[in-house]
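J.: First the structure, then my questions, so here it is.
What follows is calculated from the coordinates using simple rules that are stated; it is not laboratory data. Computed from a predicted model, the values in this text were never measured in an experiment. FYI the Cβ positions are ideal-geometry reconstructions off the backbone, even for glycines, and counts take in every protein chain you see.
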Amino acid sequence: MTATTANDQTNPTRADASPISASYPELLGTVAVVTGAGRGMGAVFATELARRGINVVAGDLAGAPEVATQINDELAGAGRVAGRRADVTNPADHDALLRAGLDEFGRVDFWINNAGVFPQAEFTDIPPDQLTSTYQVNVNGVVYGAQTAARHMRANGGGAIVNMASVAGVRVRATRAAYNSSKAAVRHLTACMAVELGSDNIRVNAIAPGFVDTEMTRWVREDPAALDRALRTVPLHRVGAPIEVFGALYFLLSDSARYITGAVIPVDGGSQHV
Ligand SMILES: NC(=O)c1ccc[n+]([C@@H]2O[C@H](COP(=O)([O-])OP(=O)(O)OC[C@H]3O[C@@H](n4cnc5c(N)ncnc54)[C@H](O)[C@@H]3O)[C@@H](O)[C@H]2O)c1
């Protein structure tokens, strides 16, 4: 698991990775599929869900079985994690994740479309394959996952889907056009799904993180000038921790969010406004 967990009180710009105390006991024994769970936020989501008694199917191109083993060893007695290799650009891999949930745990209640890629290029130089691969993972991957989830949930009384959008879907930065536009699509797709799936008792929401402490953003933290520029667009003036994004995810899955669908919850230290 490579998400940074440091909570350096001497440096106020560092992420606050201290635990969150929220508890939704109604989720005990439920089952969630998390894509992109081989590292970063997905690995933290799998860990924190399992810690709270929710069973997880963790899928990723690489690392998911290892993450699952580590969590199961650490949290014996809590929720269990089944790790599977899964490519979100392949619809059959989503079906396999669903099957794993049913085989291992007997049900699937929640689906978290978390896998994503974050490529960079000046707009005039974006190679066709970068555009294609970004949309394949960040957009098609979300659609395929939600389709698999919704077909199952529709036949089983409902459920909840959470898509990972980004502040980049509303506040764009230069050299990220493929990513920015893919995340705008995720926001819009979330509304489309919510409208179409509400009558099946399926809630669909998105989380829009800002600048969160994972491998994806390590290059910013390692470049003092880039870090300073990035933090100027964060009113709370620090990096977010994956656990802080988890707080929104956990709420969205819970019964406390039962009348919330089609929402995009920013977890960005206020940066959508800057
Ligand atoms: N870190 C941030 O600051 C930030 C901000 C906004 C949104 N997000 C979004 O949050 C999500 C998680 O980001 P993260 O920071 O943990 O990134 P990360 O790079 O640490 O993890 C992303 C994971 O997705 C996996 N993945 C990529 N392509 C895949 C594919 N085809 N099939 C299956 N898995 C695949 C990767 O292997 C990786 O494990 C992403 O959707 C990202 O766009 C991140």
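J.: Please tell me the relative contact order of the chain in percent, rounded to the nearest whole number, where contacts are Cα pairs under 8 Å and at least six residues apart.
T.: Here the relative contact order equals 20 percent.
J.: Right, next: In a GNM of the chain with a 10 Å cut-off on Cα contacts, which of 151, 51, 80 has the highest mean-square fluctuation?
T.: Result: 151 has the largest fluctuation of those listed.
J.: Give me the one-decimal nm value for the distance between modelled label points at residue 219 and residue 13, 7 Å along each residue's Cα-to-Cβ direction.
T.: Placing both labels 7 Å along Cα→Cβ, they lie 1.8 nm apart.
J.: Hey, what angle do you get for helix 64-74 against the long axis of the chain, alpha-carbon based, 0 to 90 degrees rounded to 10?
T.: Long axis of 64-74 versus the principal axis of the chain: about 80 degrees.
J.: Right, next: Within 10 Å of each residue's Cβ, count the other Cβ atoms and sort 48, 196 from fewest upward.
T.: Least to most surrounded, the residues fall as 196, 48.
J.: With point charges of +1 on the Cβ of Lys and Arg and -1 on the Cβ of Asp and Glu, referenced to the Cα centre of the chain, which listed residue (92, 69, 241) lies farthest in the positive direction of the dipole?
T.: The listed residue farthest towards the positive side: 241.
J.: Roughly how many debye, to the nearest 20, is the charge dipole of the range 153-228 about its Cα centre, given +1 on each Lys and Arg Cβ, -1 on each Asp and Glu Cβ, and no other charges?
T.: Working: 9 positive and 7 negative charges, 42 e Å.
Dipole about the Cα centre, nearest 20: 200 debye.
J.: How would you rank 123, 246, 251, 105, going from fewest to most other Cβ atoms within 10 Å of each one's own Cβ?
T.: Neighbour counts put them in this order, fewest first: 123, 251, 105, 246.
J.: Rounded, prolate or oblate for the range 120-274? Axes are the square roots of the Cα gyration tensor eigenvalues, ordered a ≥ b ≥ c, and the cut-off for rounded is a/c under 1.5. Please report the intermediate quantities before stating the final value.
T.: Details: a/c = 2.50, a/b = 1.47, b/c = 1.70.
In terms of gyration-tensor shape, oblate.
J.: A follow-up question, please. Based on alpha-carbon atoms only, what is the radius of gyration of the range 71-164 relative to the globular estimate 2.2 N^0.38 Å?
T.: The value comes to 1.29.
J.: Same structure again: If you place +1 on the Cβ of every Lys and Arg and -1 on the Cβ of every Asp and Glu, how big does the dipole about the Cα centre of the range 182-274 come out, in debye to the nearest 20?
T.: I would put it at about 180 debye.
J.: Against the longest alpha carbon principal axis of the chain, how many degrees, from 0 to 90 and to the nearest 10, is the axis of helix 242-253 turned?
T.: 40
J.: What do you get when you divide the Cα radius of gyration of the chain by 2.2 N^0.38 Å, with N the number of residues?
T.: Numbers: Rg = 17.6 Å, N = 274, 2.2 N^0.38 = 18.6 Å.
Its radius of gyration relative to the 2.2 N^0.38 Å reference: 0.95.
J.: Which three extents, in angstrom, do the Cα atoms of the range 32-124 have along their principal axes, listed largest first?
T.: Here the Cα extents, ordered largest to smallest, are 53, 26, 19 Å.
J.: What fraction, in whole percent, of alpha-carbon pairs in the range 107-152 exceed 14 Å separation?
T.: Tail of P(r) above 14 Å: 56 percent of Cα pairs.
J.: For 190, 69, 89, what ranking results if the residue with the fewest other Cβ atoms within 10 Å of its Cβ goes first?
T.: With the sparsest Cβ surroundings first, the list reads 69, 89, 190.
J.: If the elastic network links every pair of Cα atoms under 10 Å, which of 204, 220, 186 fluctuates the most in the Gaussian network model of the chain?
T.: 220
J.: Compute the long axis of helix 91-105 from its Cα atoms, compare it with the longest principal axis of the Cα atoms of the chain, and write down the angle in degrees, 0 to 90, nearest 10.
T.: Roughly 50 degrees between the two axes.
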